[in-house]
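Input: a single structure, listed below in structure tokens.
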Amino acid sequence: MSALEPRTSASNPGPVDNAAAPARRSLRAVAARYLAIYIELWRNSLTREMMFKGNFLLWIVVEMLWFALQLVFINVLYLHTESIGTWTKWQVVLLIGASHFIQQTFQAFFLINCTNLSELVRTGKLDFLLLLPVNTRFVVSLRQIDLGAFVNAASAVAVMVYALHRLEFVPSLAQVAGFAGLCVAGILIHYSLMFLLATISFWTVRAQGIVWGYYNLFNIARMPDEAFRGLFKAVFTFAVPMLLVSNVPTRLLAKGFDSPWPIVLLLGMSAVCFALSELGWRASIRRYTSASS
């Protein structure tokens with residue numbers, strides 16, 4: 001090597017590394033800042049929940065009773081049939097557990113924030129959030145956490161473990177990891193579509209009825225996709241992908257796939273839904289003129 005040629009090493013990085021180092025430091029600083037903000041949001045949510053302990057415990061009981069009724073319904077249904085399509089009783093129990101887990105995890109992080117967006121617009125409180133030196137969608141989406149939903153999500157995990165025990169099936173580590181990843185994709189679909197519907201409040205002021213209407217569609221995700229046919233199945237697979245959210249993760253965990261197409265479809269729909277929600281959010285913010293205008 002010529003004496004005039006620059007040398008690169010761990011102690012003497014090249015020009016590309018020198019240029020990238022500030023960007024990496026800046027990215028770490030931004031990540032650390034947002035993590036600190038999110039920790040504070042968790043603390044505020046914990047304080048709020050502890051101020052109303054009775055309400056906190058009541059909603060846990062209500063959600064568990066509703067979950068138990070879903071399981072009782074399936075037990076009664078299977079007194080009159082051996083299977084729904086190719087789904088056996090304990091596979092459907094596993095599906096209901098997975099659906100409840102996804103729903104409660106979504107509820108823990110996003111539900112109350114999506115439903116409150118219309119109130120932020122109506123009362124003008126969104127003005128203050130827009131002035132904060134952080135991404136507004138981040139604060140709007142994650143400012144409150146429903147801690148009781150984590151308890152209900154844990155009960156769903158217990159039901160899934162029991163269903164797998166009754167199926168005499170032990171999933172591999174890869175199946176469990178794949179199931180968790182697909183659950184994240186399902187939660188992203190729920191969040192994106194509900195957030196997109198919540199942005200209607202920028203036009204109508206109140207959109208809570210529309211948002212809660214979508215929330216009621218979660219019940220469709222609890223049913224095996226083979227129970228539906230024709231237009232209904234097409235709509236709730238491609239337009240409002242409820243049948244993908246729980247069925248695909250559960251199939252991967254308990255039955256496996258002959259083709260990767262359902263997994264690709266779920267991941268693709270989650271990306272499309274998030275992109276649509278971002279476009280809707282940006283269009284809504286451009287329209288917004290504050291409550292005092």
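Read-outs throughout are calculated quantities, based only on the coordinates presented, and are distinct from any laboratory measurement. Treat the numbers as computed from the prediction; the structure is a model and nothing was measured. FYI the Cβ positions are ideal-geometry reconstructions off the backbone, even for glycines, and counts take in every protein chain you see.
Values as computed for the structure displayed
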read-out: Protection proxy ranking, peptides 236-242, 60-66, average beta carbon neighbours within 10 Å, highest first; value: 236-242, 60-66
read-out: Charge dipole of the stretch 112-183 about the Cα centre (unit charges at C-beta), most positive-ward option of 133, 114, 164; value: 133
read-out: Label zone at residue 255 (point 7 Å along Cα-to-Cβ), backbone N below 16 Å, the stretch 67-101; value: 82-99
read-out: The chain: relative contact order in percent, alpha carbon pairs under 8 Å with at least 6 residues between; value: 23 percent
read-out: Using a Förster distance of 35 Å, the FRET efficiency for residue 229-residue 21 (Cβ separation, nearest 0.05); value: 0.05
read-out: GNM flexibility winner over the chain from 153, 163, 275 (Cα, springs under 10 Å); value: 275
read-out: Sum of -39500 (n - 2.57) over DSSP H runs of 4+, divided by residues of the chain (222 nm, nearest 500); value: -23500 deg cm²/dmol
read-out: The chain: C-alpha pair distances exceeding 32 Å, %; value: 38 percent
read-out: Long-range HN-HN contacts of residue 143 with modeled amide H, under 5 Å; value: none
read-out: Candidate aspartates and glutamates for bridging to residue 255, where Cα separation is under 16 Å - those fewer than 8 sequence places away on the same chain excluded; value: 168, 225, 226
read-out: Difference of contour (0.36 nm per residue) and Cα-Cα distance, residue 122 to residue 62; value: 18.6 nm
read-out: Candidate lysines for bridging to residue 125, where Cα separation is under 30 Å - those fewer than 8 sequence places away on the same chain excluded; value: 53
read-out: Cα-Cα P(r), the stretch 90-172, percent of pairs per 10 Å interval; value: 18, 33, 22, 16, 10, 2
read-out: Check: the chain dipole with +1 on Lys, Arg Cβ and -1 on Asp, Glu Cβ, in debye; value: 640 debye
